[in-house]
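A short write-up of the structure that comes next.
The values are calculated or read from the model by the stated rules, or taken from the named source; none is laboratory data. These figures come from a predicted structure and were not determined experimentally. Glycine also receives a Cβ, built like all others from the backbone with ideal geometry; neighbour counts cover every protein chain displayed. Side chains are part of the model used for accessible areas, which takes the heavy atoms of the whole protein and leaves out ligands, DNA and RNA. Shrake-Rupley method; radii C 1.70, N 1.55, O 1.52, S 1.80 Å.
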Amino acid sequence: MTPQITVQLYSVRDLAKQDYAGTIRTIAETGFGCVEPAGYPGYSAKEAAKLFQELGLKAPTAHIGLPIGDNKNAIIEEALLMGHKYLITGCPPKFREHYTSLDGVKAMCELYCEAAANLAPHGIQVGYHNHDWDLIEVEGRRAHQIFLENTPDTVVYEADIFWVSRAGLDPAAFIQEIGARGKVLHFKDGIVSNQATFKEATTESGKIMVSDSIPFRAAGTGQVDLVAASKAVRHADYIAVELDSFEGDMMQAIKDSYAYLTSNKIAQGKK
């Protein structure tokens, strides 16, 4: 079955800060039936849930912190309110610090195991979203392989295939490698050969990498072969549009990405 199309709302964060309701309404009118929140600029989760319901939108996935420690109950309550099925970290706790040693990666894996156990009684799964820096080799092994080996199959892996490409890996092979963990995928496009450097920044939804130039492009206009990658998809329920940033009209890039992914039958929407 063709995955449902969704959109990572971090993409439209600047528009949402100016007019949250209007921005989400335009996304719904484009044909999206699902969205992937990463915070709610100027809105509460409760207000956003009401708006989504009015517009016929669902939020099966979200970028949010791990439901562990002091934040556990608040994150779970928000997930239940929003109807999330998969809680995915935009970046892991402590960011790059976990990737300096094998023991560091394994210690991070334990946090995801704890989160998975906390979510299981609620029928929700935790997930990991990759970049390129966390696909490095750590003591002779690719870090994502260590992650997969040291977390249960219930921990999903939201492969972002732009970053997979930038790490020098083949997106189709990567999707095959993560197998049934790939319930949600980011079909991000861009100029992979762009020599932008990325630095750490803190946002409402957690730490991210910000580039000194903008390599991201609307789906189908960059260097990532999205069609080839889609042929490896077997287990995805949702495929997301995402642009970390864009030189031009971001909403138009979102609309163009929707048109490309749906017309190529990579994902399906409402139109």
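Looking at the chain as a GNM with Cα springs under 10 Å, which of LEU243, LEU185, LEU102 has the largest mean-square fluctuation?
LEU102
Heavy atoms only, probe 1.4 Å: what % of the accessible area of the chain goes to carbon and sulfur, would you let me know? Provide the component values of the computation, followed by the final result.
Numbers: 5470 of 11690 Å².
That share works out to 47 percent.
Antiparallel versus total DSSP beta bridges in the chain: what percent is that, nearest 5?
30
Whole-Hz ³J(HN,Hα) for each residue in the range 39-56, computed from phi via Karplus 6.51 cos²θ - 1.76 cosθ + 1.60 with θ = phi - 60°, x for glycine and proline: what do you get?
Using θ = phi - 60°, the values come out as x, 9, x, x, 10, 8, 4, 5, 5, 5, 4, 5, 5, 4, 4, 4, 9, x Hz.
May I ask for the distance between the Cα centers of the range 61-98 and the range 129-178, given as a whole number of Å?
19
Skipping prolines and chain starts, which residues have an amide H placed within reach, meaning under 5 Å, of the one on VAL138, given they are 5 or more residues away or on another chain?
Amide H to amide H, under 5 Å and 5 or more residues apart or across chains, VAL138 pairs with ALA143.
Using each residue's phi in the range 221-231, evaluate 6.51 cos²θ - 1.76 cosθ + 1.60 at θ = phi - 60° and report the 3J(HN,Hα) Karplus result to the nearest Hz, with x for Gly and Pro.
Each residue's phi maps through the Karplus curve to give 10, x, 9, 8, 7, 5, 5, 4, 5, 5, 5 Hz.
What does the charge count around MET82 come to, taking other residues whose C-beta lies under 12 Å from its C-beta (Lys +1, Arg +1, Asp -1, Glu -1)? Show your work: numbers first, answer last.
Numbers: positive: LYS46, LYS50, LYS58, LYS85; negative: GLU36, GLU47, GLU77, GLU78.
After counting each charged neighbour, the total is 0.
5 Å is the cut-off here: which amide hydrogens, built 1.01 Å from N in the peptide plane, fall below it relative to LYS58, excluding neighbours closer than 5 in sequence?
HN-HN under 5 Å from LYS58: CYS34, VAL35.
Counting Lys and Arg as +1 and Asp and Glu as -1, what is the net charge of the other residues whose Cβ lies under 15 Å from the Cβ of GLN176?
Values: positive: ARG142, ARG181, LYS183, LYS231, ARG234; negative: ASP170, GLU177, ASP225.
For residues surrounding GLN176, the net value is +2.
On alpha carbon coordinates alone, what is the Rg over Rh value for the range 74-175, Rh being the Kirkwood radius?
Ratio of gyration radius to Kirkwood radius: 0.98.
Sum -39500 (n - 2.57) across every DSSP H segment of at least 4 residues in the chain, then divide by the residue count to get the 222 nm mean residue ellipticity, nearest 500.
-10500 deg cm²/dmol
Once amide H atoms are placed 1.01 Å from N in the peptide plane, what residues at a sequence separation of 5 or more from ASP160, or on another chain, have their amide H within under 5 Å of its amide H?
ASN130, HIS186
What is the sum of charges, Lys and Arg at +1 and Asp and Glu at -1, for the other residues whose Cβ falls under 13 Å from the Cβ of GLN125? Intermediate results must be reported in sequence, preceding the final value.
Values: positive: LYS85, ARG181, LYS183; negative: ASP153, GLU158, ASP237.
Taking every Cβ under 13 Å from that of GLN125, the sum is 0.
For the chain, what is the relative contact order in percent, using Cα pairs closer than 8 Å and at least 6 residues apart in sequence?
21
Against the globular-protein guess of 2.2 N^0.38 Å, express the Cα radius of gyration of the chain as a ratio, rounded to two decimals.
Normalised Rg, Cα atoms only: 0.93.
From the phi angles alone, apply the Karplus equation (6.51, -1.76, 1.60; θ = phi - 60°) to the range 232-238 and give each ³J(HN,Hα) in whole Hz, x where the residue is Gly or Pro.
My calculation for the range 232-238 gives 8, 6, 10, 10, 6, 8, 9 Hz in order.
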